[in-house]
Amino acid sequence: MTTTVIRGGTLLTAAGTHEADLVVRDDLVDSWRAPGTVLDADEVVDATGMHVAPGFVDVHTHLETVVAGVSTADDFVSGTRAAAFGGTTTVVDFVRQGPGEDLLERLDDASGRARGRCAIDYGFHQIVGDVGESSLSQFKQLLAAGVPSIKLFMAFPGDLYSDDTQLLTAMERAAELGVTVMVHAENGLAMEFLRQRARQRGQLSLPWHAKTAPPSVEGEATRRAIFLAELAGMPTLYFVHVSSAEALDAIADARRRGLPVYAETCPHYLYLDTAELDRPWAEGADFVCAPPLRTREHRDRLWWALAANDLSVVSSDHCPFCRSTLTPDRRDFSTLPGGIAGIEFRVPLIYDAALRGRLTLPRFVDVTATSPARAFGLDPEKGSLMPGSHADITILDPRGVTRTGAADHHMRVDHAVFESLTLRGRVHAVYLRGQRLVQDGRWVGPERDGRFVHRRPGSALYDRRSLPGLA
Ligand SMILES: [Zn+2]
């Protein structure tokens, strides 16, 4: 048995900040002790002046997958390693079922590729891109396999798109089983209409990417998803990558009515805006994502919603592409694979916001570790510093600085979308189940010790029995 004491730091949890020493026994958090009272330990880690937080949890990543015919730049090896450099110790990645593909075969395939190749712990959500009898009958097996969350797409007709009937049937089945339904809410048919019209008119430049997917397209789909979910028996709904005020209004309305509706946003919607699409093609293409970047007014609303708990989670939606793979001579925005590289900067970006007073420190931990872990059945092992939790620990130095340029990260992309920022605070050390992985920007631990996390149906974000009419 090995005992480690992390001494002199301030513990950060979703509930508050605490001056305490943290005792780790082997791979678990053992106890909190009054500062300076543990005299006997195998290892003493000096965290004076530091913040000691639970290992961070990123519940929205796309590693080693293919979008619009292009492979993402990070595989399970490089992506999870970059995540750890940025303070993240657990990711939940998306398994993609395309039209005509078998759900469980896709899950097997991803499990096989991830096994023994991840630097941090990982789980999966299942994208259901072909809602039909076969897929619906397999939801039970997904649950049994530790994958209690599916993702449905209201966007992308002809590819992952579900129509209203498919949404209803999948939501009904999910509600019966306690499976969480994640929704990509954009009206795919309306977007396709706008994009076809733009193509006919030769409006192919990058700003049209945003103009053909306006906020109303996201707002309508968000409202419709909530409406359909209510008809279908109200599974827990989780809106991914919320970007607009229109979507926020729909989510806030549903939450005021007591419905189990949750949502995340991503760092790029909080820090970037549509102006990025005015750059020259080769640079601007890095900023194509779905939904598109919005104007500053939307950004401000997102920050407010995050502080006010209309948004519960910040995920990276890491989906990286290299400039070199983005077909430089086909200058039509609608042919680009959408996705932003952010797995390594998610925690530093939100930590900076907390150090500047935009969020409280506990709220920072809540949206980047604790709520994502609870919403997706990872707690109490993950996202927590309570005794008995996994000793996944990230020590942050509030006096340090994080640079976000292309040369400052470990993601396998040839650019950096947050390049102009210098952030307050720095990841000092990262532990996974008691093993140190990162120290002062150097890798010092095992590279491929990440384990699959068998998740239970989420959600301690609310007690389902307490909701009127839903018991
Ligand atoms: Zn995504």
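In the stretch 52-72, what residues are away from the ligand (no atom under 15 Å from the Cβ) and either part of a loop (DSSP other than H, G, I, E, B) or in contact with a helix residue (DSSP H, G or I) (Cβ under 7 Å, 6 or more places away or on another chain) (or both)?
Hits for the stretch 52-72 are A53, P54, G55, F56, V57, G69.
Using the structure shown, decide if H241 is under 20 Å from the mean Cα position of the chain (by Cα), farther than 21 Å from P157 by Cβ, within 16 Å of the ligand (Cβ to nearest atom) and in contact (Cβ under 8 Å) with a residue 24 or more places away in the chain.
No, not satisfied.
Name the pairs: first residue in the stretch 146-160 and among the acidic types (D, E), second residue at pLDDT 95 or above, Cβ to Cβ under 8 Å, at least 6 apart or on different chains?
Final answer for the pair search is D159/G129; D159/F153.
Considering the stretch 263-321 alone, what residues qualify as being closer than 17 Å to A247 by Cα, within 16 Å of the ligand (Cβ to nearest atom) and of a type in the set (V, I, T)?
T265, V313, V314 - these are the residues of the stretch 263-321 that are closer than 17 Å to A247 by Cα, within 16 Å of the ligand (Cβ to nearest atom) and of a type in the set (V, I, T).
Yes or no: G87 touching a helix residue (DSSP H, G or I) at 6+ places or on another chain (Cβ under 7 Å), farther than 17 Å from V5 by Cβ, exposed (fewer than 14 other Cβ atoms within 10 Å of the Cβ) and touching a residue at least 40 places away in the same chain (Cβ under 8 Å)?
No.
For every residue, the table says whether it meets (1) modelled with pLDDT of 95 or more; (2) in a loop (DSSP other than H, G, I, E, B).
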{"site": "L293", "(1), (2)": "yes, yes"}
{"site": "R299", "(1), (2)": "yes, no"}
{"site": "S316", "(1), (2)": "yes, yes"}
{"site": "F321", "(1), (2)": "no, yes"}
{"site": "R331", "(1), (2)": "no, yes"}
{"site": "S334", "(1), (2)": "no, no"}
{"site": "P337", "(1), (2)": "no, yes"}
{"site": "I343", "(1), (2)": "yes, yes"}
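Tell me which of these G112 doesn't satisfy, since it passes every other one: (1) surrounded by fewer than 20 Cβ atoms within 10 Å (Cβ to Cβ); (2) without any contact (Cβ under 8 Å) to a residue 60 or more places away in the chain; (3) in contact with a helix residue (DSSP H, G or I) (Cβ under 7 Å, 6 or more places away or on another chain).
Just one mismatch for G112, condition (3).
Picking from A190, A170, which residue would you name as being more than 16 Å from the ligand (Cβ to nearest atom), surrounded by 19 or more Cβ atoms within 10 Å (Cβ to Cβ) and not β-branched (V, I, T)?
Result of the check over A190, A170: A170.
Which ranges mark the strands (runs of 3 or more DSSP E) fully within the stretch 1-49 that have 1 or more residues being surrounded by 15 or more Cβ atoms within 10 Å (Cβ to Cβ) and of a type in the set (A, V, I, L, M)?
3-7, 10-12, 21-25, 28-33, 43-46
Identify all residues within the stretch 16-64 that are free of Cβ contacts under 8 Å to residues at least 40 places away in the same chain, out of contact with any Gly (no Cβ under 9 Å at 6 or more places or on another chain) and farther than 20 Å from M386 by Cβ; write none if there are none.
Within the stretch 16-64, L39, D40 qualify.
Got a sec? Which of A275, A285, A341 is without any contact (Cβ under 8 Å) to a residue 24 or more places away in the chain, of a type in the set (A, V, I, L, M) and more than 27 Å from A229 (Cβ to Cβ)?
Exactly one residue qualifies, and that residue is A275.
Among the listed residues A254, A229, A250, A213, which satisfies the condition of being within 16 Å of the ligand (Cβ to nearest atom) and either over 19 Å from V417 (Cβ atoms) or part of a loop (DSSP other than H, G, I, E, B) (or both)?
Criteria check complete, one pass: A213.
What is the one condition in (1) modelled with pLDDT of 95 or more; (2) outside any helix (DSSP H, G or I); (3) under 21 Å from the mean Cα position of the chain (by Cα); (4) surrounded by fewer than 21 Cβ atoms within 10 Å (Cβ to Cβ) that R363 does not satisfy?
Condition not satisfied by R363: (2).
The values are calculated or read from the model by the stated rules, or taken from the named source; none is laboratory data. These numbers were taken from a predicted model, which means no experiment stands behind them. With ideal geometry, Cβ positions are generated from the backbone for all residues, glycine too; neighbour counts draw on all protein chains shown.
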